[in-house]
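Here's the structure we're looking at; comments come further down.
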Amino acid sequence: MKEFNTAAKCIPSKHYMVNIADKVAEITQLVDAGRYFTISRARQFGKTTILTALAHDLAPRYIVLSISFEGIGDAGFQNEATFVKEFCRLLRREFQKERRISEKTRNQINGLFSRTEERTGLGDFFDVILEWCDETEFPLVLIIDAIDSATNNQVFLDFLAQLRNGYINRDARGINTFHSVILAGVTDIKHLKSRIRSGDDRKQNSPWNIAYDFKIDLSLSEDGIKGMLDEYEADHHTGMDTAAIAKSIHDYTNGYPFLVSRICQLADAEAAGLKEAWTLRGIDNAVKQLLTENNTLFQSLTKNLSAYPALKAAIRSILMEGTKLAYNPQQDAITEMQMYGLIRNCRNTVRIANRIFETVLYNLFLSDEELQNSVFSREGQLAKNMFVSDGRLNLRLVMERFIVTYHEVCGPLVEKFKEKDGREMFLLYLKPIINGTGNYYIEAQTRDQTRTDVIIDYLGEQYVVELKIWRGERYNAAGEKQICEYLDYWRLQTGYMLSFNFCKKKECGVHQVMIGDKLLYEGTV
């Protein structure tokens with residue numbers, strides 16, 4: 001029986017997986033055209049699975065040399081001689097599965113591997129490659145995975161320069177070399193170059209400026225996820241609505257492959273003893289479990305933020321302050337955030353990559369405040385038991401107690417107050433109340449300087465809370481109309497509004513208002 005997989009590459013005969021044939025076909029077109037390119041994507045984004053499927057697809061027409069730099073230790077990058085020896089060691093493994101390699105080529109590669117003198121260089125290696133390309137009936141395609149292992153190694157840039165030279169001579173002088181070269185990893189070549197050759201103006205030209213711009217989307221589509229779930233349903237007969245479940249998973253993950261598979265993995269683990277595992281509520285529970293994990297992807301995410309304080313500050317500003325950041329690929333902070341999978345380009349505006357990452361980052365930033373002994377977090381924790389009755393969250397009471405707590409702690413609102421202050425305080429108060437049972441996220445479409453919609457999921461029930469600064473009756477009426485439209489989207493009849501009001505003549509507290517057929521609880525701080 002197949003299973004969902006989050007460890008290493010996915011194998012179609014063993015694992016439930018989204019059909020990636022269309023993506024492989026697009027990449028195959030680049031190979032057929034003789035392109036050299038880099039597949040630079042975040043950790044656990046399905047790169048190795050794609051490369052494996054690609055190599056299989058190319059095998060009938062090409063000799064595919066598919067290796068990983070994870071197989072080369074630091075010593076292998078010390079100089080050209082050690083690099084050539086290690087590279088040849090990896091190629092020798094390909095000999096076992098590729099019978100179309102001539103005896104002469106095998107002997108030449110074995111000879112380079114067996115050399116003991118330090119004089120062996122990249123030139124010797126590429127002489128063998130060029131001779132191989134001249135003699136073989138099948139063009140050579142080189143695929144190198146995990147190029148991040150080459151970071152901080154000058155010999156790798158010299159290797160790229162040799163590839164570049166061969167590419168130029170191939171087109172300009174008709175000299176045979178690798179038909180196509182594919183490099184895959186998290187770190188793109190630009191960042192490798194800047195790390196290795198920082199401050200050296202003489203070496204600013206990239207040795208990989210012949211690379212084709214790889215723009216193929218490797219994220220998983222909603223239809224693709226549905227196809228995977230259809231296969232699972234045919235085997236397990238859970239009665240799930242595969243279209244609805246696929247939409248929910250895609251809404252949470254934006255198609256990030258590891259997150260898609262992990263949510264399915266958690267739902268599958270619950271399916272044996274829980275009938276609702278493959279319902280929308282079951283998926284919400286799986287997401288809740290996922291957010292409590294300290295998996296390698298989340299560890300990588302937080303580690304990268306810690307390593308780049310400026311990057312962390314930019315992400316915090318987007319989330320906590322509603323800052324709109326224009327997407328500019330020339331800004332190092334933006335390219336680094338995208339390289340690590342933290343953000344995406346949405347209509348030339350920087351957006352956090354998906355709801356899962358948003359919640360992880362919110363929790364991280366709120367935890368920073370909690371560690372500073374936030375009174376709002378402490379008060380929410382102390383009062384949490386009064387807010388749940390018969391398994392339902394009493395959000396009206398949450399708002400009432402938050403308003404009381406705010407005035408006890410902070411007193412009257414002052415003009416320097418910003419909406420992000422209220423957002424942060426309310427989330428600090430809310431987080432310990434729903435922790436372990438519910439989760440929340442901020443609707444990206446409304447995360448600006450005028451209003452914020454917090455979506456809370458508690459035991460399968462959704463609550464929409466609009467946070468905003470009071471700007472008069474007219475603006476408030478427009479806000480009521482907007483939240484009613486949003487409630488229609490969520491198919492809800494009840495909504496919540498929390499306004500931070502600077503007017504001296506105001507009535508603090510929570511009151512209810514009927515807008516059409518919608519019931520709104522409007523709170524005033």
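The values are calculated or read from the model by the stated rules, or taken from the named source; none is laboratory data. Everything quoted here is computed from the prediction, not taken from an experiment. Positions of Cβ are backbone-derived with ideal geometry, glycine not excepted, and every protein chain shown enters the neighbour counts. These area figures cover heavy atoms from the full protein model, side chains too; ligands, DNA and RNA do not enter into them. Shrake-Rupley method; radii C 1.70, N 1.55, O 1.52, S 1.80 Å.
Okay, here's what the table says:
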item: First in region 166-186 and under 18 Å from I147 (Cα atoms), second anywhere and surrounded by 20 or more Cβ atoms within 10 Å (Cβ to Cβ) and of a type in the set (S, T, N, Q), Cβ under 6 Å, 6 or more apart; result: L183/T38
item: Single residue of region 50-90 satisfying the filter (among the charged types (D, E, K, R) and closer than 30 Å to D22 by Cα) that is nearest to the chain's Cα centre (by Cα); result: E70
item: Residue in region 129-184 that is nearest to S102 (Cα to Cα), counting only those that are β-branched (V, I, T) and over 32 Å from the mean Cα position of the chain (by Cα); result: T136
item: Residue list for region 463-491, filter: open to solvent by 50 Å² or more (accessible area, probe 1.4 Å) and not in a helix (DSSP H, G or I); result: W470, R471, R491
item: Hey, S219 closer than 20 Å to R355 by Cβ and in a helix (DSSP H, G or I) or not; result: no
item: Residue in region 72-87 that is within 16 Å of I182 (Cα to Cα), surrounded by 19 or more Cβ atoms within 10 Å (Cβ to Cβ) and in contact with a helix residue (DSSP H, G or I) (Cβ under 8 Å, 6 or more places away or on another chain) present; result: yes
item: Output for region 234-250, where each listed residue is part of a helix (DSSP H, G or I), touching a residue at least 24 places away in the same chain (Cβ under 8 Å) and open to solvent by less than 50 Å² (accessible area, probe 1.4 Å); result: A244, I245, A246, S248, I249, H250
item: Region 58-71: number of residues that are over 14 Å from L140 (Cβ atoms) and open to solvent by 10 Å² or more (accessible area, probe 1.4 Å); result: 4
item: Where C346 falls short, out of the listed (1) buried (at least 16 other Cβ atoms within 10 Å of the Cβ); (2) modelled with pLDDT under 90; (3) among the hydrophobic types (A, V, I, L, M, F, W, C); result: (1)
item: Whichever residue in region 360-395 is at pLDDT 90 or above and under 17 Å from the mean Cα position of the chain (by Cα) and, among such residues, is most open to solvent (accessible area, probe 1.4 Å); result: V360
item: Identity of the residue in region 286-302, touching a residue at least 40 places away in the same chain (Cβ under 8 Å) and crowded, with 16+ Cβ neighbours inside 10 Å, that ends up farthest from G460 (Cα to Cα); result: S300
item: Those residues of region 1-19 which are among the hydroxyl-bearing types (S, T, Y) and surrounded by 14 or more Cβ atoms within 10 Å (Cβ to Cβ), in sequence order; result: T6, Y16
item: From Y308, Y340, residue being of a type outside the set (A, V, I, L, M), in contact with a Ser or Thr (Cβ under 8 Å, 6 or more places away or on another chain), in contact (Cβ under 8 Å) with a residue 24 or more places away in the chain and open to solvent by less than 70 Å² (accessible area, probe 1.4 Å); result: Y340
item: Filter result for N328 (open to solvent by 60 Å² or more (accessible area, probe 1.4 Å), over 15 Å from R355 (Cα atoms) and either assigned to a helix (DSSP H, G or I) or out of contact with any Cys (no Cβ under 8 Å at 6 or more places or on another chain) (or both)); result: no
item: Search result, residues across region 114-164 that are hydrophobic (A, V, I, L, M, F, W, C) and not in a helix (DSSP H, G or I); result: F138, L140, V141, L142, I143, I144, A146
item: Selection status of A55, out of contact with any Lys or Arg (no Cβ under 6 Å at 6 or more places or on another chain), in a helix (DSSP H, G or I), touching a residue at least 60 places away in the same chain (Cβ under 8 Å) and surrounded by fewer than 19 Cβ atoms within 10 Å (Cβ to Cβ); result: yes
item: Residues (assigned to a helix (DSSP H, G or I) and not polar (S, T, N, Q)) located in region 1-33; result: A21, D22, K23, V24, A25, E26, I27, L30, V31, D32
item: Every residue from region 10-33 that is within 25 Å of Y232 (Cα to Cα), in contact (Cβ under 8 Å) with a residue 40 or more places away in the chain and in contact with a strand residue (DSSP E or B) (Cβ under 9 Å, 6 or more places away or on another chain); result: Y16
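Quick grid of which residues meet (1) open to solvent by 40 Å² or more (accessible area, probe 1.4 Å); (2) in a loop (DSSP other than H, G, I, E, B); (3) closer than 25 Å to D332 by Cβ; (4) modelled with pLDDT of 95 or more:
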| site | (1), (2), (3), (4) |
| --- | --- |
| G166 | no, no, no, no |
| R170 | yes, no, no, no |
| I175 | yes, yes, no, no |
| N205 | yes, yes, yes, no |
